[in-house]
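First the structure, in the form of structure tokens, and then the observations on it.
The values are calculated or read from the model by the stated rules, or taken from the named source; none is laboratory data. Source: prediction; values computed, not measured. Here the Cβ is made from the backbone with ideal geometry for all residues, glycine too, and neighbour counts use every protein chain on show.
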Amino acid sequence: MKKAASNYDLQVDIGKRIFLEYDQEVLIRKFRLKADERYIYLNYLNTPCRINRTTGGVEESIKGAWKECRSFSTVMTIYDLLCYHQGETAPTLGGQWCAVGMFIVTGVTETNTFTKKYAAIFDGRVEELKTACASLGGSLQPRMAGADVTCLIPATAFFPVLLQFWEGDEEFPPKLMLLWDRNTDKFLHFETTFYLQGDLLERLKNRMEENA
């Protein structure tokens, strides 16, 4: 008996169909994407990706081979970054970093519960974390607010996030924050920031495990 598709798989397939409703030429021009007759190309968290212009499916290049991506967080973040903003020209970054709750009016303004898990994983492994950040295309920045790691990580060429990490000590537990450009709400839905956050942190964890 064929295994029933999960809700996440169903949402990925719905996303593919919705993507095909958009004017692809507008998206290509707006975000200055490379494209040919079959695919639209972009990098997501330093992984080469392409979108099939006929099916809407997202593919990733893994060790030089293209494979369809079925990760809900990855696929939905890519679609949202390309399709959320309306109009012919791309939104612009505001140039100011803030916590996720600062640019959305919502009851959800705290993400510490989620990030605590990864803060514990990264604790005592600052150099490994820096290496993992670099593998996602990140560039280390001058220390901010005393953080042991401050790194600018591009989700795509046109949308970065800022990671900060403080190691724990006798007085304070380790702390991890992702900061967002003040114009983030012009690039993607509020809910998608959580998809992107989870995807980024899980990839960092995986890279650190691979290099251990």
Which listed residue, of 199, 169, 148, is of a type in the set (D, E, K, R) and within 12 Å of the chain's Cα centre (by Cα): 199
Criterion (without any contact (Cβ under 8 Å) to a residue 24 or more places away in the chain, more than 14 Å from residue 117 (Cα to Cα) and in the same structural domain as residue 116 (by TED's automatic domain parsing)) met by exactly one of 159, 194, 172: 172
Hits in the range 179-193 (condition: surrounded by fewer than 22 Cβ atoms within 10 Å (Cβ to Cβ) and in contact with a helix residue (DSSP H, G or I) (Cβ under 8 Å, 6 or more places away or on another chain)): 182, 189, 190, 192
The one condition in (1) within 15 Å of the chain's Cα centre (by Cα); (2) among the charged types (D, E, K, R); (3) modelled with pLDDT under 95 that residue 181 fails to fulfil: (3)
Those residues of the range 36-49 which are without any contact (Cβ under 8 Å) to a residue 24 or more places away in the chain, within 18 Å of residue 159 (Cα to Cα) and touching a Ser or Thr at 6+ places or on another chain (Cβ under 8 Å), in sequence order: 47, 48
Qualifying residue in the range 30-40 (condition: surrounded by 14 or more Cβ atoms within 10 Å (Cβ to Cβ), under 23 Å from residue 184 (Cα atoms), touching a Phe, Trp or Tyr at 6+ places or on another chain (Cβ under 8 Å) and among the hydrophobic types (A, V, I, L, M, F, W, C)): yes
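Residue-by-condition table, conditions (1) among the polar types (S, T, N, Q); (2) under 21 Å from residue 198 (Cβ atoms):
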site: 62; (1), (2): no, yes
site: 69; (1), (2): no, yes
site: 74; (1), (2): yes, yes
site: 81; (1), (2): no, yes
site: 85; (1), (2): no, no
site: 88; (1), (2): no, no
site: 96; (1), (2): yes, no
Filtered residue count, the range 22-80, keeping only those that are modelled with pLDDT under 95 and in a strand (DSSP E or B): 1
Odd one out for residue 146 among (1) surrounded by fewer than 17 Cβ atoms within 10 Å (Cβ to Cβ); (2) of a type outside the set (Phe, Trp, Tyr); (3) part of a strand (DSSP E or B): (3)
The range 113-139: number of residues that are among the polar types (S, T, N, Q) and outside any helix (DSSP H, G or I): 1
Output for the range 167-212, where each listed residue is hydrophobic (A, V, I, L, M, F, W, C) and outside any helix (DSSP H, G or I): 172, 176, 177, 178, 179, 180, 187, 188, 212
